[in-house]
1. Need one word for the range A:1-74: rounded, prolate or oblate. Basis is the Cα gyration tensor (sqrt eigenvalues a ≥ b ≥ c); a/c below 1.5 gives rounded, then a/b vs b/c decides.
2. Just order B:374-383, A:407-416 by mean Cβ neighbour count inside 10 Å, highest at the front, would you?
3. Take the alpha-carbon centre of the range A:33-56, take the same for the range A:109-158, and report the distance between them in whole Å.
4. Setting aside same-chain residues fewer than 8 positions from A:K41, which aspartates and glutamates have a Cα under 17 Å from its Cα?
5. What residues have an amide H closer than 5 Å to that of A:T271, excluding those fewer than 5 places away on the same chain, when H is modeled at 1.01 Å from N in the peptide plane?
6. What are the lysines whose alpha-carbon lies under 24 Å from the alpha-carbon of B:K601, with same-chain residues fewer than 8 places away excluded?
7. Would you tell me the mean number of C-beta atoms belonging to other protein chains that fall within 10 Å of each C-beta in A:360-367, as a whole number?
8. Quick check: at a probe of 1.4 Å, how many percent of the accessible area of chain B sits on carbon and sulfur atoms?
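The values are calculated or read from the model by the stated rules, or taken from the named source; none is laboratory data. Predicted model, so just to flag it, every value in this text is computed and none were measured. When we count neighbours, we look across all protein chains shown, and the Cβ atoms used for this are built from the backbone with ideal geometry, even at glycine. Surface areas here come from the heavy atoms of the whole protein model, side chains and all, with no ligands, DNA or RNA. Shrake-Rupley method; radii C 1.70, N 1.55, O 1.52, S 1.80 Å.
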Amino acid sequence: MQETKIITKLCGKIDPFSIESYISRGGYQQLLAYLKNIKTKKGRLQAHKKIMKLVEESGLCGRGGAGFPTGEKWRIAYQKAQKSRQPLYLIVNGDESQPGAFKDSFLMKKNPHLIIEGIIILAYVLECKKVFVYINGTFKEELEIMRQAVTAAFEHKFLGGKTTDFKERIKIKIIQGAGGYIYGEETALIDSLEGNRGEPKIKPPFPPQSGYNNSPTVVNNIETIANLVPLLEMGAKKYRQLGKGNATGTKLFSVSGAVKNPGVFEFPLGTSLRAIIYGICGGMEKGKKLAFVQVGGTGDFLVGKQLDYCLTYEKGKQKIPVGLGNILVVDKNVAVEDLMFSWSQFYARESCGQCTPCREGTYQLLKIAERLKEKKLMEKDYENMQDIVEVLEKTSLCPFGNFAAQPWKKVIKFYGADFFDARKRKK
Amino acid sequence: MIKIKINQKQYQVKEGQRILAVCNKYRIEIASLCSHPNFSDFEKPAEQDRSSNAVCRLCLVKARKKGERKYQLIPACILKATAGLEVITEDAEIIRLRKTNLELLFVNHAGLCAHCSKNMDCELQNLAIKYDIDEFRFVPRLNEIESNEELDLLYEKMSRRMIDTENPAIVRDSEKCIHCGRCVDVCKNMQGIEAISSVGKGNQAVVGTEYNVPLECSYCGQCTTVCPSGALTEKNEIGAFVKAVNDPNKTVIVQTAPAIRVSLGEEFGMPPGAIVTPKMVSALRECGADLVFDTNFGADLTVMEESLELAERIKKGRGVLPLFSSCCPAWVLFLEQNYPEFLSHLSTVRSPYMIVASLIKSYYAKQNTLNPKDIFSVAIMPCTAKKYEASRAEFRKDGVRDVDCVLTTREFGQLLRSKGLKLAELDDSEFDPALGISTSAGAIFGASGGVTEATIRTAHYLMTGKNAKEIEFKQARGSVGVRLADFKIGNFKLRTKIVYGLKNARKVLEELKKGEHDFDFLEVMACPDGCIGGGGQPIPTSPKIRRARKRAIYAQDKNMSLRMSHENTLVKKIYDEFLIAPGSYKAKKYLHTKYHRYHYKWRK
């Protein structure tokens, strides 16, 4: 099965450092067309309505994992801003740091101008004057590319004062993230932007109602923004034809693990895991046997028939929640204890330390994983693990606590309670 | 008013009220460590009008909104009452979850109860007993030292563990901290200082100062009143007191603050606002104090000096206006640290207990031919910042400190309990008359607005030559953080601003910086409702308890015959015998002080 290249159409074909190579392949045409339409106030209102309608009709939803309908998010924030006369802020979330996810990094490296163009159009649509692009602090290359892309867009007058007849100037600020998984959570990200310690906040209020500086704020993933220009090019109807059911459009999948050809691939939503792994990824590496596949960092361990289920944002039977689209293929040579340890280490390190179950629970799980790895499990560990997983799932403040509990839940679901009994498992 | 159901029983509540507050009102017990009734006073953005950050995850309840089928787990401190809401506060699952969370919290804390000053009076301990937890179920997160490298870090005080005893007022022991965030909240939202906050992330997260330096703040001590465990406590000076009492060469002289006589009873199970002055004095004598003086008398002298200063600044234009009160050491230190440009506004008068202390080691020592070095001067205060103030260089003469030791109300209660004294059973006793006669103008210093009211009473006399017809200036009283009060003194209209909480004070100062001011006199108290809500006051504290204490303070005022400082016979006597007159060079020497810009020792 071939990739459906919508967002990644130009990736690899253009020079990310050269805006000309992007323009020569039809880049910034959508922005120029949009700018032509908004010469008058009336035209602007019409263009706004047209794009909002287009996005809502297309069924585009957030690519950051939760899958919230993008058009609705924009509408809520826009209406709130108009009503309260507060400035609206747009934050583009490039703090990709979940293990096994590298699609935003791929996009930024290969085609930064697609993102910038989307940002500028969206900023005009939402009448937003200040945009923050929050990029993971360890992404040195991406940061440089994005900074140069913004400068180039400014020099080519796609940004700044002389772009339109309107007085407003859109400012895009590239922010180097403070370095932490939790800043990918939108309220923590806003905290971090405000100069505070990033800690997820209780919702409601959601950022579209009250976010950065208590103003309505739209937080979108890099990939969501990258969808905007292709969507304008092809129209809602054509876009809807991609995908399955209500989950429309394409999704970038970062495949890692024991496949012949790992990497970032674009497929319509609704594609099956088998098609990706045994199609473009070329199947398992030589001499390795599939143990299980995991999707989204927190999903079930999948084998056999389950590989034919479709990857989607919809809930239901025979459907796999796609999350960030990170696919981990684990072969039978991998010791699951090591995997559990590395996951536990990640969650214990990256918890913000705010609420009890997550701060203390992830640490205790790490200790249990450590003992599991060294085959020094204590009698109480199984029971303790179950209790911790329960409080993490039910009582933690933000979804992160739930994520931290999932690997344990899934490993027990997959291997049974015997997984904790080293003697039994060896047989 | 709407109807909701809690545990199958109907209650009438206000819409939007938090369920935790409702449960507290109707005495339905819910375990909670991170919310605190004090927090309802904070000014927060409208969206965050809750009493906590909901981080302890102990007050979980099951709730079902009208029309919903399933119950959902949600913390009671953020759950708002809506019509038809059904709440279950305890069932097997909730208890199990709470217990696990408590055990997770307790594991970093275990093992130090017996010698903790909060022992038997500790919220965490009470919950641990109630839920019958297993203290050693998990591996401690912070106590572990895994390698020599970490041990080295511990020596360099860069470790995650920190026992800060270097600062003069507050002991911080991060080993006992359970990361509830109350102190962070109070420091940030009530005082606006942010001296402590969360440090590190994930399994390294602790509450601490930046770079783990010793605490260097205004030492208001509000964090110690909200801490549910023993992680933040006042610096204990009971030992020094007991040592001095047992030293035959030392004359131990104790003075007691206006605000402690209405709160000390709480340490012995009396209701808030019980006035225990005579019993308190005899308790001090039982503890071995040779003489007991009254800080209220110092307050009377403060009023004399401060009202003269105010009258002079207004009438003769000497010095700048507005005049700031200087009774609160936390406020003075805050100004020295953050707004040194406003120090000229600050009244140079010492705080009341420093006036009494200064007179003890000068006037009283001279009269009774005592060597100041042989006097051990103790002050019982509702305040931790006073511990800092006592250590200041300005309050030292020839190497002898004016005040040798400051005990908080809590420490005093602890001392009495350790001696087996029961306050209610003691005989009545009176202050020693040498420096112990006071008026009720001094007594109301304990509440926010009291300094202003007492000063106006005397300033009226000074500026017009006669007393005001109605001496109860009700406009100075109130429980709002920032309030304006206008007074008519003859033909002159005196505008005053009364503030409590340093965050409020900062707001007022920022306005002043811009040149906007509509007042001539500014009274600031760092703690909510003034000294009666002080950092050294009995735990627990809440707006309700503070109201009871305040009522008692004003009831005291009503019942006294002498209600104006200038009518105090002892004040007149001291001026005649020793200080000459208010504002004289001798008064300047013994009753006034100097301020200077504060240079941070540790903080970067």
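1. oblate
2. B:374-383, A:407-416
3. The two parts, judged by their Cα centres, are 21 Å apart.
4. Cα-Cα hits under 17 Å: A:E127, A:D165, A:E168.
5. Amide H neighbours of A:T271: A:L311.
6. B:K157, B:K188, B:K235, B:K386, B:K387, B:K397, B:K503
7. Partner Cβ neighbours, averaged per residue: 6.
8. Answer for chain B: carbon and sulfur cover 50 percent of the accessible area.
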